[in-house]
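**Q** My structure is below; once you've seen it, I'll send some questions.
Please treat every number below as a calculation from the coordinates, not as lab data. Because the structure is a prediction, the values reported are computed rather than measured. Methodologically, a virtual Cβ is constructed for each residue, glycine included, from the backbone with ideal geometry; neighbour enumeration extends over all protein chains shown.
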Amino acid sequence: MEITEIYNKVFAALKRGSSEAVMAEAYAILGHPVAAVDASFIRLTRVYPPKEQNDEIWDQLLADPRVSLKSVQMFQQHDLIKLNQSNPNAPVYINWGWFQDRPRITEAIFVDGNVAGYIAVLCPENEYQPWMNDALNIVADALAIILKTERRLARNSNALVSSFARDLITGSIHTPEELKNGLGTAGLELPGRYTMMAITPNSIKNISFEFLQNQLGGAAVSMLQHTSGAVHYLLLYAQSDSTQSVQNLTGIISSLDCSCGISRTYTDLLKTPGHKEQALMALNTGRRLQPRASSFFFDDIAFDALLVGAGMRIEAANCIHPAIDQLRAQDCANGTSYLETLRCYIMEHHSITAVCEALHIHRNTLAYRLRRIEELASISLTDNRTAAHLLLSFHILALSDKLKSAEE
């Protein structure tokens, strides 16, 4: 079919003002089943033709307007989302992997430079022709025009809530009066205890935040959401059982191949920015220390997060008590074990019994070693500042080992 004829047909449908008309015309032009979804993978219109095609993804979409999580994960595994997002105005014919026996042409729908949806055409290889790419491109442009028009009112209806969520989470609301006014303007009541979550995909552009937001929104959890850069924030509220709510969400987040950090629970909404920072610290530190895990609680990781944060500003070696290097050198030169004795003594909080049991030595042996450690390193183990510095030093060394192990 000639490009001019395709333009005329599609834009005649566009003048009728609905994505339904455009999709019906697309089916008439292409002669193969067509479907379109928005960026959160919710069907834009009914599929054409509205009957089963012996295609698992297609038939599921025919029955349910929401693309299943399993299908989206399949798109990710085959790089379909990445290919569509990174190639504007360039349809992709996918016929590999799971799609080898179910080939299709796909293209992203862009609005103002952002992905607003996707369109697909089921097409066997022996019937695929290059002009279909041009036709799909024209249809995608027409749908972009309609999406931009249809979605304006929907966006504005949530603008006040989105704006309030952004200001609260980013710390632009400072006083009880500002909080009261913001809640009133947005028409919100946020009762109960609160928890902040910070979420990020494990691969850049692995999943759209709109789809993530849609999936999380179906979890029957009261929440506000805000995206900043590569991190999506959730403020959970009005939870009778916050532990169960968090578990429900972390299950969804893990299934989407994302990671999340979870703050402590709190009761003062004005403290939200600080708890947002807790969630972000838990996320960033947890991903470094436990790359195979997907959810990290600030309470479990707070001390390590503090050390990692300090290490980003201060060279770790400058934080280590000099006695450690002195005793290490002594042990290497003479085959002694003073450093391990000191480490065990400090980490066991000076418990003679615990140290003797851990090292399998007599109390007199321990007493002798501790005297020699004080002499060799010129320190007093009864000095609180020295003991605290040594405790911090051994934690830093242990954390360094964990980071190295996680990176291997």
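**Q** Sort 129-139, 76-86 for me by packing, meaning the mean count of neighbouring Cβ atoms within 10 Å per residue, highest on top.
**A** By packing density, highest mean first, the sequence is 129-139, 76-86.
**Q** Also, quick follow-up: If contacts are Cα pairs under 8 angstrom and at least 6 residues apart, what is the relative contact order of the chain in percent? Present the calculation step by step, with values, prior to reporting the outcome.
**A** Working: 559 pairs, mean separation 44.3, N = 408.
In percent, rounded to a whole number, it is 11.
**Q** Which label belongs to the value computed from this structure, given these candidates for Kirkwood radius over Cα pairs in Å: [x] 21.4; [y] 25.6; [z] 23.9?
**A** So the calculated entry is the one marked [y].
**Q** Still on this structure, I have one more. If a/c stays under 1.5 just call it rounded; otherwise compare a/b with b/c (prolate if a/b is bigger, oblate if not). Do that for region 35-149, with a ≥ b ≥ c from the square roots of the Cα gyration tensor eigenvalues.
**A** Since a/c stays below 1.5, the shape of region 35-149 is classed as rounded.
**Q** What is the angle, in °, between the Cα long axis of helix 242-255 and the longest principal axis of the Cα atoms in the chain? Nearest 10 is fine, range 0 to 90.
**A** Around 60 degrees separate the two axes.
**Q** Using the 10 angstrom Cβ neighbour count as an exposure proxy, how do 360, 389 rank, fewest first?
**A** Listing 360, 389 from fewest to most nearby Cβ atoms yields 360, 389.
**Q** Follow-up. Note down the net charge around residue 5, summing +1 for each Lys or Arg and -1 for each Asp or Glu among other residues with Cβ under 13 Å from its Cβ.
**A** Net local charge, residue 5 excluded: -2.
**Q** Cβ neighbours within 10 Å, averaged per peptide: list 194-203, 96-105 in order, most packed at the top. Please list the in-between numbers first.
**A** On the way: 194-203: 22.4, 96-105: 15.2.
The densest-packed peptide leads the list: 194-203, 96-105.
**Q** Take every Cα pair under 8 Å in region 267-408 that's 6+ residues apart, average their separations, divide by the length, and report that relative contact order as a whole percent.
**A** Across region 267-408, relative contact order equals 25 percent.
**Q** Over all Cα pairs of region 314-400, how is the pair count split among 10 Å bins, expressed in % and running from 0 up to the last occupied bin?
**A** Histogramming region 314-400 at 10 Å steps yields 17, 53, 28, 2 percent.
**Q** Another one. About the Cα centre, and with charges only on the beta carbon of Lys, Arg (+1) and Asp, Glu (-1), how big is the dipole of region 235-308? Nearest 20 debye, please.
**A** So the dipole magnitude of region 235-308 works out to roughly 160 debye.
**Q** For a protection proxy built on the mean count of beta-carbon atoms within 10 angstrom, sort 119-128, 229-238 highest first, please.
**A** The densest-packed peptide leads the list: 229-238, 119-128.
**Q** Can you give me the angle between helix 384-407 and the longest principal axis of the chain, using Cα atoms only, in degrees from 0 to 90, rounded to the nearest 10?
**A** That helix lies at roughly 40 degrees to the long axis.
**Q** Pairing the Cα long axis of helix 176-186 with the longest principal axis of the chain, what angle in degrees results, from 0 to 90 and rounded to the nearest 10?
**A** Roughly 20 degrees, rounded to the nearest 10.
**Q** If each DSSP helix of 4+ residues adds -39,500 (n - 2.57) and the sum is divided by the residues in the chain, what number results at 222 nm, nearest 500 deg cm²/dmol?
**A** It lands at -17500 deg cm²/dmol.
**Q** Along the positive direction of the dipole of the chain (beta-carbon charges: Lys, Arg +1; Asp, Glu -1; about the Cα centre), which of 126, 84, 362 reaches farthest?
**A** Going by the Cα projections, it comes out as 362.
**Q** Taking θ as phi - 60°, what are the ³J(HN,Hα) couplings along region 276-291 by the Karplus curve (6.51, -1.76, 1.60), each to the nearest whole Hz, with x for Gly and Pro?
**A** With the stated coefficients, region 276-291 comes to 4, 5, 4, 4, 5, 4, 4, 4, 5, 6, x, 5, 6, 8, 10, x Hz.
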